[in-house]
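Inspection log for the structure reproduced underneath, given as structure tokens.
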Amino acid sequence: MKSVLITGGSGSFGRAFTKRMLADSNVERIAILSRGEHAQADMQRELDDPRLRFFIGDVRDQARLRRAFEGIETVVHAAALKRIEVGNYNPDEMVKTNVWGAMNVIEAAMEAGVGKVVALSTDKAYQPISPYGQSKAIGETLFRNARSGKTGPIFATTRYGNIWCSQGSVVPKWKAALASSDTVPVSDPDCTRFYMTMDQAVDLVLDTINTMQGGELNIPTLPAYRIGDLAAAMGAKIHVTGLPAWEKKHESMCEGNCSETARRMSVDELKEILIADSLHSASSNGKQTAPWQGYSTPEWSYRHWGSVNEMQAHPGG
């Protein structure tokens, strides 16, 4: 892979993926497309590599995508509106970014002659109950059914849950709350969520790029933790707020792959990971670095769903 563009590239995943690409001397060009001018400026100062290119742009703007994709071999589509509670009150905006944006990425990739496109999706797209999950489910369908002939780009999708310590996730939010209080808000302490590190998310996307034939939906097998156990591991009291209608008690990746029945992480295991997080941050010598993303778990694996060969064998599926 000589050139790659990441939509939403100044976010948590985009930064981690970019750092991995910069460590590969074979990669000649890494383009970042996002709406965040300040985030891009911070990223440019931090990484400072001549192979980086920055584009201010929005996936809602197909013409801008077409221009940014010119000369790009691989596109990683990470841009999305993701706040589940925001989507509940602004479903039309979710559609504009997560559905129309997906359509624009597909069309621009076809027009610009991109070779491969990998889209990032979410466990909330499986049996969705929120506008966020519903919009991402449609986005998955668009990518899995994208066709451009024998010479055009091929498309694949990865589906996984929230990334440990990523922007907006539970651990950094609770750490901020615990700086001024001993209590954190919890919708339901018996909720469970999947555990996945940022390194694992990058690995999944890279392996998808390297092995894709077109039409895949790659889904990891992950451990999970109980939200109440995470609060206990952080030494926090909890204030139960109640589960809103748009949030699930347990998340699923696909049939038979649910956070309720996945291998359950213990309080002690979560404590070890949190301690390792703190030690990693403390060893940064004053430099601003992303927090350590937790232990890899030995049961991590993924399976391919819906490859192009399967869809050819079952065209009505």
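The values are calculated or read from the model by the stated rules, or taken from the named source; none is laboratory data. Bear in mind the structure is a predicted one, so any value in this text is a computation, not a measurement. Cβ coordinates were reconstructed from backbone atoms using ideal geometry, including for glycine residues, and neighbour counts include every protein chain displayed.
If you take the residues of region 146-171 that are free of Cβ contacts under 8 Å to residues at least 12 places away in the same chain and either in contact with a Gly (Cβ under 9 Å, 6 or more places away or on another chain) or of a type outside the set (Ser, Thr, Tyr) (or both), which of them is surrounded by the fewest Cβ atoms within 10 Å (Cβ to Cβ)? Selected residue: 150. Considering only residues that are among the hydroxyl-bearing types (Ser, Thr, Tyr) and modelled with pLDDT of 95 or more, which ones fall in region 81-103? The answer is 97, and nothing else.
Looking at region 179-186, can you tell me whether even one residue there is within 28 Å of residue 226 (Cβ to Cβ), of a type in the set (Gly, Ala, Ser) and either in contact (Cβ under 8 Å) with a residue 60 or more places away in the chain or out of contact with any strand residue (DSSP E or B) (no Cβ under 9 Å at 6 or more places or on another chain) (or both)? Yes, region 179-186 contains at least one residue that is within 28 Å of residue 226 (Cβ to Cβ), of a type in the set (Gly, Ala, Ser) and either in contact (Cβ under 8 Å) with a residue 60 or more places away in the chain or out of contact with any strand residue (DSSP E or B) (no Cβ under 9 Å at 6 or more places or on another chain) (or both). Might you let me know whether region 210-224 holds any residue that is touching a helix residue (DSSP H, G or I) at 6+ places or on another chain (Cβ under 7 Å) and at pLDDT 95 or above? Within region 210-224, none of the residues are touching a helix residue (DSSP H, G or I) at 6+ places or on another chain (Cβ under 7 Å) and at pLDDT 95 or above. The residues of region 91-136 that are part of a loop (DSSP other than H, G, I, E, B) and surrounded by fewer than 18 Cβ atoms within 10 Å (Cβ to Cβ), listed by number, are 113, 115, 127, 129.
Remark: pairs (first residue in region 26-46, over 15 Å from residue 69 (Cα atoms); second residue among the acidic types (Asp, Glu); Cβ separation under 7 Å; 6+ apart in sequence or on different chains) = 35/58. Cβ-Cβ distances below 8 Å connect the following pairs, each with a first residue in region 200-214 that is surrounded by fewer than 16 Cβ atoms within 10 Å (Cβ to Cβ), a second residue that is part of a loop (DSSP other than H, G, I, E, B), and a separation of six or more residues or different chains: 213/307.
Annotation: of all residues in region 159-199 being of a type in the set (D, E, K, R) and farther than 15 Å from residue 83 by Cα, the one that is nearest to the chain's Cα centre (by Cα) is 159.
Taken over region 20-57, the criterion of being surrounded by fewer than 14 Cβ atoms within 10 Å (Cβ to Cβ) and polar (S, T, N, Q) is satisfied by 25, 26. Hey, could you check region 58-76 for residues that are under 14 Å from residue 152 (Cα atoms) and either under 23 Å from the mean Cα position of the chain (by Cα) or modelled with pLDDT under 95 (or both) and say which is surrounded by the fewest Cβ atoms within 10 Å (Cβ to Cβ)? Top of the filtered list is 73.
For region 68-83: of the residues being outside any loop (DSSP other than H, G, I, E, B) and out of contact with any Lys or Arg (no Cβ under 6 Å at 6 or more places or on another chain), which is nearest to residue 133 (Cα to Cα)? Give the steps one after another, and end with the answer.
Taking region 68-83 and keeping what is outside any loop (DSSP other than H, G, I, E, B), we get 68, 74-77.
So of that shortlist, the ones also out of contact with any Lys or Arg (no Cβ under 6 Å at 6 or more places or on another chain) come out as 68, 75-77.
Values: 68: 28, 75: 22, 76: 19, 77: 16 Å.
Checking each candidate, the answer is 77.
Considering only residues that are within 21 Å of residue 111 (Cβ to Cβ) and outside any loop (DSSP other than H, G, I, E, B), look in region 142-165 and name the one that is modelled with the lowest pLDDT.
Start the filter on region 142-165 by keeping residues that are within 21 Å of residue 111 (Cβ to Cβ), which leaves 142-157.
Subset that is outside any loop (DSSP other than H, G, I, E, B): 142-144, 154-157.
Details: 142: 96, 143: 96, 144: 91, 154: 95, 155: 96, 156: 94, 157: 95.
By that ranking, first place goes to 144.
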